[in-house]
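Peer 1: Attaching a single structure in structure tokens format; questions to follow.
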Amino acid sequence: MQWERVWHERSPKATILRAILYPLSLLYAMGWKAYESAYKLGIKKRSQVPIPIIGVGGLEVGGQGKTPITIAVAELLRNSLPSLAISASGYGSKGESRATLITPEKNLSPCDFGDEACLLREHLPWLPLIIGRDRVLAAKLANKHQFDVLLLDDGFQHLPLARTVDFLVLNLQRENRLCLPAGPYREPFSGYKRADAFLMENNGENINELFGKPVFYFSKKFESVRNLQNDEIHSLDWLMEKEVHGLCAIANPQRFFDSLIFLGANVVKKSCYTDHDPLKISINEDVPTVVTEKDAVKLKHHGNIKSEVYALRLSIKFRDEIKLITWLMEKIKSDEKTY
């Protein structure tokens with residue numbers, strides 16, 4: 001049974017599993033609160049690095065689109081800052097243990113630097129990347145190389161490094177707010193208090209503030225599909241009534257399959273792998289295979305592709321870009337972040 005189904009399904013099996021795992025979730029939450037309190041009480045000190053640092057993260061494990069949102073924030077900042085770098089963890093790769101500066105345009109291997117770092121490189125070839133879980137070292141490298149700002153992809157839980165701004169991607173519709181393993185939360189929901197602003201998916205609401213902090217809305221938009229063998233781009237109409245094989249290795253596979261159906265595809269076969277799986281697989285299907293962009297970077301590197309494979313291209317658009325960039329630049333200039 002997929003973890004996403006355990007966390008969110010209302011079936012008897014999922015409900016029983018959540019009940020069994022509930023005591024472990026309480027222990028996990030208590031452990032996190034103790035860890036967080038060590039910083040709040042000053043027992044542990046957050047490292048201060050003399051450049052503005054912007055974090056984009058979430059309370060949940062995967063499935064919120066944090067990396068595409070980070071890409072969108074970087075694009076916004078591109079015209080306002082001469083020099084910007086992104087720090088990514090390189091989860092599941094050889095390069096995740098420390099921090100390594102990767103110069104612009106350099107091609108990355110998902111084995112060496114992780115699928116999310118490769119996705120960042122694909123969308124932002126002009127941008128330096130610092131890959132590795134040691135975010136304090138990443139910030140020191142950014143300062144050493146005189147970048148104007150360091151943008152953290154998925155760094156909300158990394159408390160050792162102080163930030164100028166912490167954006168929290170928030171989904172208030174989530175019914176299950178338990179911590180791992182009975183729920184999807186990496187930390188208790190109360191962690192939202194550390195955020196400086198919330199990024200929420202546009203559902204028609206117009207709340208300017210939540211918990212006394214600004215809210216900025218974004219929309220997810222599928223743009224096209226790209227053939228992995230020849231990089232040919234097709235419009236979304238290509239999917240209409242087409243029989244396809246949906247394949248993904250992400251935290252919320254059902255959302256991907258639902259998106260294909262919403263776009264008019266006839267998903268005749270579904271293949272799910274665990275989030276960040278390297279996808280060292282062979283693809284030989286009678287119908288075209290459609291994958292996420294994050295999975296496409298791994299398939300192009302590792303996969304044995306013997307039939308048509310297409311990546312579904314996604315973009316993030318902020319509802320009020322001027323409002324967001326104005327607020328963010330004011331925070332960067334003042335640099336008055338407090339924990």
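The values are calculated or read from the model by the stated rules, or taken from the named source; none is laboratory data. Fair warning: this is a prediction, and the values are worked out from it, not measured in the lab. Glycine gets a Cβ as well: all are built from the backbone with ideal geometry, and neighbour counts include every protein chain shown. Just so you know, the surface numbers come from the protein's heavy atoms only, side chains and all, with ligands and any DNA or RNA stripped out. Shrake-Rupley method; radii C 1.70, N 1.55, O 1.52, S 1.80 Å.
Peer 1: Step by step: first the residues of region 3-21, then only those that are exposed (fewer than 14 other Cβ atoms within 10 Å of the Cβ) and not polar (S, T, N, Q), then the one that is farthest from ARG186 (Cα to Cα). Which residue is that?
Peer 2: Of the residues in region 3-21, the ones exposed (fewer than 14 other Cβ atoms within 10 Å of the Cβ) are 10-13, 15-16, 19-20.
Subsequent filtering for residues that are not polar (S, T, N, Q) retains 10, 12-13, 16, 19-20.
Working: ARG10: 21, PRO12: 24, LYS13: 23, ILE16: 21, ALA19: 18, ILE20: 18 Å.
In this case the residue turns out to be PRO12.
Peer 1: Follow-up question, since we're still on this one. Give me the pairs: first residue in region 141-163 and more than 11 Å from ILE51 (Cα to Cα), second residue acidic (Asp, Glu) and in a strand (DSSP E or B), beta-carbon distance under 9 Å, and six or more apart or on different chains, which are they?
Peer 2: As it stands, the answer is LEU152/ASP166; GLY155/ASP166; PHE156/ASP166, since those pairs meet every condition given.
Peer 1: While we're on this one: Report, ordered by the first and then the second residue, all pairs with beta carbons closer than 9 Å, sequence separation of six or more or different chains, a first member in region 191-215 that is at positive phi, and a second member that is among the hydrophobic types (A, V, I, L, M, F, W, C).
Peer 2: Pairs that qualify, where the first residue is at positive phi and the partner is among the hydrophobic types (A, V, I, L, M, F, W, C), are PHE211/ALA195; PHE211/PHE198.
Peer 1: Still on this structure, please answer the following. Could you list, in sequence order, the residues of region 188-228 that are under 19 Å from TRP327 (Cβ atoms) and more than 21 Å from the chain's Cα centre (by Cα)?
Peer 2: GLU205, ASN206, ILE207, ASN208, GLU209, LEU210, PHE211, GLY212, LYS213
Peer 1: Let me ask another. Give region 285-294 a look and list any residue that's farther than 10 Å from LEU312 by Cα and either open to solvent by 20 Å² or more (accessible area, probe 1.4 Å) or among the charged types (D, E, K, R) (or both), or say none.
Peer 2: Here is the first cut: in region 285-294, the residues farther than 10 Å from LEU312 by Cα are 285-289.
Matches in region 285-294: GLU285, ASP286, VAL287.
Peer 1: Here are some residues: SER271, SER282. Which one is more than 22 Å from GLU201 (Cβ to Cβ), small (Gly, Ala, Ser) and open to solvent by 50 Å² or more (accessible area, probe 1.4 Å)? Quick ask: steps written out before the conclusion?
Peer 2: Working: SER271 fails: open to solvent by 50 Å² or more (accessible area, probe 1.4 Å).
Among SER271, SER282, only SER282 is more than 22 Å from GLU201 (Cβ to Cβ), small (Gly, Ala, Ser) and open to solvent by 50 Å² or more (accessible area, probe 1.4 Å).
Peer 1: Output the number of residues of region 214-235 satisfying the condition of being in contact with a Lys or Arg (Cβ under 9 Å, 6 or more places away or on another chain) and open to solvent by less than 70 Å² (accessible area, probe 1.4 Å).
Peer 2: Going through region 214-235 one residue at a time, the tally reaches 12.
Peer 1: Select the helices (runs of 4 or more DSSP H) contained entirely in region 103-156, then report the ones holding at least 1 residues which are open to solvent by less than 10 Å² (accessible area, probe 1.4 Å).
Peer 2: Qualifying helices (runs of 4 or more DSSP H): 115-123, 135-144.
Peer 1: Then there is this: Quick one: count up the residues across region 22-32 that are open to solvent by 60 Å² or more (accessible area, probe 1.4 Å) and closer than 14 Å to TYR185 by Cα. Quick ask: steps written out before the conclusion?
Peer 2: Pass one, region 22-32, residues open to solvent by 60 Å² or more (accessible area, probe 1.4 Å): 22-24, 26-28, 30.
Now restrict to residues that are closer than 14 Å to TYR185 by Cα: 22, 24, 26-28, 30.
Residues flagged as open to solvent by 60 Å² or more (accessible area, probe 1.4 Å) and closer than 14 Å to TYR185 by Cα within region 22-32 amount to 6.
Peer 1: Still on this structure: Within region 61-84, can one find any residue that is open to solvent by 80 Å² or more (accessible area, probe 1.4 Å), over 26 Å from PHE216 (Cβ atoms) and not charged (D, E, K, R)? Show your work before the answer.
Peer 2: First, pick out the residues of region 61-84 that are open to solvent by 80 Å² or more (accessible area, probe 1.4 Å): 78-79, 82.
Next cut, over 26 Å from PHE216 (Cβ atoms) only: none.
The answer is no; no qualifying residue exists.
Peer 1: Oh, and also: Failed condition for ALA311, given (1) modelled with pLDDT of 95 or more; (2) open to solvent by less than 30 Å² (accessible area, probe 1.4 Å); (3) under 30 Å from PHE216 (Cα atoms); (4) out of contact with any Lys or Arg (no Cβ under 7 Å at 6 or more places or on another chain), with all others met?
Peer 2: (4)
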